[in-house]
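Novice: My questions all concern the structure below.
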Amino acid sequence: QFPFGRRLPCDIYWHGVSFHDNDIFSGQVNKFPGMTEMVRKITLSRAVRTMQDLFPLEYNFYPRSWILPEEFPLFVAEVRMMKDSDPSWKPTFIVKPDGGCQGDGIYLIKDPSDIRLTGSIQSRPAVVQEYICKPLLVDKLKFDIRLYVLLKSLEPLEIYIAKDGLSRFCTEPYQEPTLKNLHQVFMHLTNYSLNIHSGNFIHSDNVNTGSKRTFSSILCRLSSRGADVKKLWSDIISLVIKTIIALTPELKVYYQSDIPAGKPGPTCFQILGFDILLMKNLKPMLLEVNANPSMRIEHEQELSPGVFENVPSPVDEEVKVAVIRDTLRLVDPQKKKRKDIQQNIASSKNEVNVRYDYFMCYRCQTLEHVSEANEELLEAGPAGDTPQSPEPELPSLCLKQVFPKYAKQFNYLRLVDRVAALFIRFLGVKGTTKLGPTGFRTFIRNCKLSNSNFSMASVDILYIDITRRWNSMGIDHKESGMCLQAFVEAFFCLAQKKYKSLPLHEQVASLIDFCEYHLAALDEKRLVCGRG
């Protein structure tokens, strides 16, 4: 550990909190710039909502959400309208502070008037969501699933999911929410950090029992009851890929800001914690995404009043050790070096085969000696070590690649990625994350989007209106200009003006194609002029 930094470069940097823990210029770091901001409850809700606007059926795994305080009037109006249309609808809502973690500040309400709109909600924004009243129960208890997901690369997109996860149980038998039990956190909230303080919490050495179990033990139990476990896994994989597709556009904006193209910088990877709730019908619902999931493999146990000791947790150890180990195996820089050496050896041997016989015999013998020496060095490792294989007797990978493996099934969803690419192209200044008015005008002009019905004066009004509204929401005041979410809103508005009769996703796809066509033509023209 180097708490004050390290001068010598490393192959892999393992940061505790975020990408910016240390200034690094090479190697690999286990955090993406902007990830902590992107998985906050408000930002995640906005990103998923954009995708829900485009593909409502594909993104129905995230509860209906409103952002407080700015959408409080909308929340009140929509709830009233839904109650008027269906008087039997008796909803429950869950309020989650934006920057909260470990269950801090979460509470349940039955009516919008119950929201604590005193000073705290103004200084601490929150998300309010429709509460899932009919979860799957095991032993009459509500539980959620913590799955570990490795985002190995952003460009190209590469995603792995751990084959096992954790199931974290409430500690009081579940009942549907009523005014009497709304405040019983041990019944409704699955957070481990809350339930560990319950007198009913069970620490178990068995992965199949207790208040924290492996997800595989739950799957075995469901399978024995005749549940379609393969379909469940397929739905979970789909949820994970779709969520990351929703996050990648803005992550790319952060990435180009901190690691501009053409400049030296590290590459990134990150382990994410996906919190998923299974409904009674086995439909997985996304609760939240954690940028810094706990990797502790022990828990505190009170030996006597006020005296605590760290005790190993077999469940945590079984799941988390495999995730860390296999992440390091997948990002191992030595693996690429070994592969390059073997390829060089193979190409050298191929080169030898085209030589004349006499010269070939001599050179072949020489190269075989060289290649044998290389292979011996490769197996020997550091001086003095006994020869061994690069990965001696390691178990098979617990991380399963799901993207690009299933890319064909999901690439049609990546429309906002393409909009983000247009946004980044016109940012102009490297290191910025906001588009100025000149950049927006250049985008409109280069993509041939202005005409007699949509003048450049109208372009300026659109830019000012949308930018002002997004900036009033308190979105990153460090620099002025139009953020990506504001640009996406403006782009959707332009698409709806230009292609009136199509569904929104087709409108957006058509406008992207239109812009990309004109920009490709412009690039070709510049290339020809450059040659001239």
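The values are calculated or read from the model by the stated rules, or taken from the named source; none is laboratory data. On a predicted model such as this, the values are computed, not experimentally measured, just so you know. Note that we place each Cβ from the backbone using ideal geometry, even for glycine, and neighbour counts take in every protein chain shown. Please note that ligands, DNA and RNA were not included when accessible areas were found on the heavy atoms of the full protein model with its side chains. Shrake-Rupley method; radii C 1.70, N 1.55, O 1.52, S 1.80 Å.
Novice: Within 10 Å, at most 13 other Cβ atoms, and a DSSP state outside H, G, I, E, B define an exposed site. Report the longest part of the chain free of exposed trypsin sites (Lys or Arg not before Pro).
Specialist: Working: sites that count: R6, R7, R116, K140, K180, R225, K280, R296, R355, K430, K478, K500.
Longest run free of exposed loop sites: 8-115.
Novice: Okay, moving on. What does the net charge come to around D144 if you take all other residues with beta carbon closer than 13 Å to its beta carbon, with K and R at +1 and D and E at -1?
Specialist: +3
Novice: Tell me, what is the percent relative contact order of the chain, built from C-alpha pairs under 8 Å that lie six or more residues apart? Numbers along the way, then the final one.
Specialist: Working: 710 pairs, mean separation 78.1, N = 532.
For the chain, the relative contact order is 15 percent.
Novice: A follow-up question, please. Please report the Cα spread of the stretch 414-523 along all three principal axes, rounded to whole Å, starting with the longest.
Specialist: That gives 37, 30, 29 Å along the principal axes, largest extent first.
Novice: Would you mind checking which residues have amide H under 5 Å from H299's amide H? H placed 1.01 Å from N; only 5 or more apart, or other chain.
Specialist: Here V311, S313 satisfy the definition.
Novice: Go ahead and estimate [θ] at 222 nm for the chain from helices alone: -39,500 (n - 2.57) per DSSP H run with n ≥ 4, summed, over the residue count, rounded to 500.
Specialist: On the way: 17 runs with 232 residues, N = 532.
After summing the helix terms and dividing by the residues of the chain, the value is -14000 deg cm²/dmol.
Novice: Normalising by the residue count of the stretch 227-300, find the relative contact order in percent from Cα pairs under 8 Å and 6+ residues apart.
Specialist: Working: 47 pairs, mean separation 20.1, N = 74.
Reported as a whole number, the value is 27 percent.
Novice: Here are some pairs, K252/K500; K335/K405; K230/K408; which of them have Cα atoms lying more than 23 Å apart in this structure?
Specialist: Working: K252/K500 30 Å; K335/K405 21 Å; K230/K408 20 Å.
As for pairs spanning more than 23 Å Cα to Cα, those are K252/K500.
Novice: Heavy-atom accessible area per residue, the stretch 125-180, 1.4 Å probe: how many Å²?
Specialist: Details: 2010 Å² over 56 residues.
Roughly 36 Å² per residue, with all protein chains present.
Novice: Right, something else. So, with +1 on the Cβ of K and R and -1 on the Cβ of D and E, and no other charges, what is the size of the charge dipole of the stretch 391-532 about its Cα centre, to the nearest 20 debye?
Specialist: Numbers: 20 positive and 13 negative charges, 82 e Å.
My answer is approximately 400 debye.
Novice: Find the relative contact order for the stretch 19-176 and round it to a whole percent, using C-alpha pairs within less than 8 Å whose residues are 6+ positions apart.
Specialist: Working: 177 pairs, mean separation 29.4, N = 158.
Across the stretch 19-176, relative contact order equals 19 percent.
Novice: Dipole size in debye (nearest 20) for the chain around its Cα centre, Lys and Arg Cβ +1, Asp and Glu Cβ -1? Could the numbers behind the result be given before it?
Specialist: Details: 66 positive and 61 negative charges, 332 e Å.
In debye, rounded to 20, the chain gives about 1600.
Novice: Please sort through the DSSP H helices of the chain and keep those with an alpha-carbon extent of at least 30 Å along the long axis and a Kyte-Doolittle average not below -1.0.
Specialist: On the way: long enough: 229-258 (42 Å, 0.45); 357-380 (33 Å, -0.45); 504-531 (40 Å, 0.08).
The answer, listed by residue number, is 229-258, 357-380, 504-531.
Novice: With unit charges on the beta carbons (Lys and Arg positive, Asp and Glu negative) and the dipole taken about the Cα centre of the stretch 180-275, which residue among F186, I271, Q256 sits farthest to the positive side?
Specialist: Ranked along the dipole, the leading option is F186.
Novice: Of the cross-linked pairs K242/K283; K142/K212; K231/K320; K41/K83; K180/K283, which ones have a Cα-Cα span greater than 21 Å in the structure shown?
Specialist: Working: K242/K283 15 Å; K142/K212 12 Å; K231/K320 25 Å; K41/K83 26 Å; K180/K283 28 Å.
Where the Cα-Cα span goes over 21 Å, the pairs concerned are K231/K320; K41/K83; K180/K283.
Novice: Determine the share of the chain's accessible area contributed by carbon and sulfur atoms, expressed in whole percent, with a 1.4 angstrom probe. Walk me through the intermediate numbers first.
Specialist: Values: 15270 of 27880 Å².
With neighbouring chains kept in place, the figure for the chain is 55 percent.
Novice: To continue, here is another question. Can you tell me the convex hull volume per residue for the chain, based on C-alpha atoms, in Å³ to the nearest whole number? The partial results should precede the final answer.
Specialist: Values: hull volume 129.5 nm³, N = 532.
Looking at the chain, the number lands at 243 Å³ per residue.
Novice: Report the one residue of P395, A47, F25 whose Cα lies farthest in the direction of the positive end of the charge dipole of the chain (charges on C-beta: Lys and Arg +1, Asp and Glu -1; origin at the Cα centre).
Specialist: Of the candidates, A47 comes out farthest on the positive side.
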